[in-house]
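Some notes on the structure that comes next.
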Amino acid sequence: MKTRITELTKRALCKWGEDIQFTIAMEEAAEFIQAISKYQRYGDKYALASEYADLTIMMEQIRVILNDDELLEKWLNYKCDKMDKILDSCDYGELPKKDC
């Protein structure tokens, strides 16, 4: 699936350019946030799945635009390490705590 998304990403960027794709990415992120809210209130998993797909495609476009997988991988590892430390310490700040 990633290969198909990457190919479509290249075509979209060629046809519409980076600027409009950044704008669309922001719009899709906002729609994803709204879908999360609807999922929490109404259990609408189909809208959430649809917006997840749209946002995933746009995130791939941003990855292609940045053209720096090493930088993205470093940040992903950093964020995962940070989450791992939080989970290990059970330090959730203001979030409700559950047994670790």
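Here are the numbers:
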read-out: Cα-centre dipole for the chain with unit charges at Cβ (Lys and Arg positive, Asp and Glu negative), debye to 20; value: 300 debye
read-out: 0 to 90° range, to nearest 10: angle between helix 2-16 axis and the chain longest Cα axis; value: 50 degrees
read-out: Candidates Asp81, Asp68, Asp44: whichever shows maximal mean-square fluctuation once the chain is modelled as a Gaussian network with Cα springs under 10 Å; value: Asp81
read-out: Angle in degrees between helix 69-89 and the longest Cα principal axis of the chain, rounded to the nearest 10; value: 10 degrees
read-out: GNM top mover of Leu72, Leu13, Leu87 - the chain, alpha-carbon springs below 10 Å; value: Leu87
read-out: Net charge contributed by nearby residues that have their C-beta within less than 14 Å of Lys38 (K/R +1, D/E -1); value: -1
read-out: Cα long-axis angle, helix 18-42 against the chain (0 to 90 degrees, to the nearest 10); value: 40 degrees
read-out: Under DSSP loop assignment and at most 13 Cβ neighbours within 10 Å, longest trypsin sites (Lys or Arg not before Pro)-free interval of the chain; value: 1-96
read-out: Contact order normalised by residue count of the chain, Cα under 8 Å, 6+ apart, percent; value: 28 percent
read-out: Within-15-Å neighbourhood charge of Ser50 [Cβ basis; K, R +1; D, E -1]; value: -4
read-out: Over 29 Å between alpha carbons, listed pairs Lys38/Lys74; Lys10/Lys74; Lys15/Lys79; Lys2/Lys79; Lys15/Lys45; value: Lys38/Lys74; Lys15/Lys79; Lys15/Lys45
read-out: Residues whose placed amide H lies under 5 Å from that of Asp44, excluding near-sequence neighbours; value: Tyr39
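None of the figures in this text is laboratory data; all of them are computed from the coordinates on show. Keep in mind it's a predicted model, so treat the numbers as computed, not measured. No Cβ is skipped: glycine too gets one built from the backbone with ideal geometry, and neighbour counts run over all protein chains shown.
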